[in-house]
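Okay, so here's the structure we're looking at.
The values are calculated or read from the model by the stated rules, or taken from the named source; none is laboratory data. What you see is a predicted model, and the numbers here were worked out from it, not measured in a lab. All Cβ positions, even for glycine, are placed from backbone atoms using ideal geometry, and neighbour counts span all protein chains on display.
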């Protein structure tokens, strides 16, 4: 899977880049049906509008099977935001796979019922 990383308001270090690559690479297990999937990841620091502390965000746009799956996470720690982003996008992928399987099974059940009636 190809991963594009963009940093906003912070410097993209090699350690940060490798951390994001490791976390997003874990999603390949869930995307076995689409080897051409790619992810656009943006990490950074929000503007100075917060009164206390710094807030970091991580955003992922996953392009897979003609669809875009997106998730955004905000935390006070950048690494926690990246972890939360990975967990959220994994849940979205599982949900879409489950929905696809449910629709397939429902269609199969309908066809099987039609053959029984004949």
Can you pull out the residues in the stretch 28-44 that are modelled with pLDDT under 90 and either in contact with a helix residue (DSSP H, G or I) (Cβ under 6 Å, 6 or more places away or on another chain) or more than 16 Å from residue 94 (Cβ to Cβ) (or both)?
30, 35, 36
Confirm whether residue 46 is touching a strand residue (DSSP E or B) at 6+ places or on another chain (Cβ under 8 Å) and under 24 Å from residue 11 (Cβ atoms).
yes
Quick check on my filter: what residues within the stretch 27-57 are loosely packed, with under 11 Cβ neighbours inside 10 Å and touching a residue at least 60 places away in the same chain (Cβ under 8 Å)?
none
Residue that is nearest to residue 2 (Cα to Cα), among those in the stretch 58-68 that are surrounded by fewer than 18 Cβ atoms within 10 Å (Cβ to Cβ) and either in contact (Cβ under 8 Å) with a residue 40 or more places away in the chain or under 11 Å from the mean Cα position of the chain (by Cα) (or both)
63
